[in-house]
Amino acid sequence: MKKVEIILENLMYSTRWILAPICFGLSLALLALTIKFYQELFHILPAIFSLPESELILKLLSLIDMVLVGGLLVMVMFASYENFVSQMNIHSHREKLDWLGKMDSGSLKTKVSVSIVAISSIHLLRMFMDAQKIDNDKLMWYVILHLTFVVSALVVTYMDNMGKKSKAKIKQIASLQDTDL
């Protein structure tokens, strides 16, 4: 019976590799976002002198939005792979992202929720810059949705910090018990 348990546990552990192609799929999504970014940029450049300032700012905010989403994709792709599939073996002669290997799932959730708030903030700013064309009810719902993201990010951050403090306290108690022995 113990052999069956070991085989099942090893098989189940190996299934984490199913996540690897999904993480790689995010790199294809990043490629799609890059294409869209340059498509938008090439629409802006020829009209740069004829665009009103407010419209130019709206288009630039869209580009910034895409950059933030791209960063979010990279962060989720690498951190998910490292946390749930396997450590990345980046050779020492290659540039390595400073946070790679240091972001646990709690930190990833915090960073994702903060990124969503930043993206939502830019989207909300775009809505307010074009407020005369948008119904007040719709604007109100954008604000409510944004505030929901803000509150969620605060709760996720608070819970992550509480978890880290609890772990630190447990380690401290364990080290005190080790020294008493």
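The values are calculated or read from the model by the stated rules, or taken from the named source; none is laboratory data. In this text the structure is predicted, and so the values were computed from the model without any measurement. Glycine also receives a Cβ, built like all others from the backbone with ideal geometry; neighbour counts cover every protein chain displayed. Remember, those area values only see protein heavy atoms, side chains included, never the ligands or the DNA or RNA. Shrake-Rupley method; radii C 1.70, N 1.55, O 1.52, S 1.80 Å.
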Residue in region 82-102 that is modelled with pLDDT of 80 or more, surrounded by 15 or more Cβ atoms within 10 Å (Cβ to Cβ) and assigned to a loop (DSSP other than H, G, I, E, B) present: yes
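Okay, residues lined up against (1) closer than 26 Å to residue 159 by Cα; (2) of a type in the set (Gly, Ala, Ser); (3) more than 20 Å from the chain's Cα centre (by Cα); (4) in a helix (DSSP H, G or I):
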position: 30; (1), (2), (3), (4): no, no, no, yes
position: 39; (1), (2), (3), (4): no, no, yes, yes
position: 42; (1), (2), (3), (4): no, no, yes, yes
position: 49; (1), (2), (3), (4): no, no, yes, no
position: 60; (1), (2), (3), (4): no, no, yes, yes
Looking only at region 134-174, and only at residues there that are more than 29 Å from residue 111 (Cα to Cα) and open to solvent by less than 60 Å² (accessible area, probe 1.4 Å), the one that is modelled with the highest pLDDT: 134
Enumeration of residues in region 103-133 that are outside any helix (DSSP H, G or I) and open to solvent by less than 30 Å² (accessible area, probe 1.4 Å): 103
Selection status of residue 55, at pLDDT below 90, acidic (Asp, Glu) and in a helix (DSSP H, G or I): yes
Residues of region 122-165 satisfying the condition of being aromatic (Phe, Trp, Tyr) and under 18 Å from residue 58 (Cα atoms): 128, 142
Odd one out for residue 80, checked against (1) under 21 Å from residue 157 (Cα atoms); (2) without any contact (Cβ under 8 Å) to a residue 60 or more places away in the chain: (2)
Candidates 33, 61 - the one that is open to solvent by less than 40 Å² (accessible area, probe 1.4 Å), at pLDDT 95 or above and under 18 Å from residue 123 (Cα atoms): 33
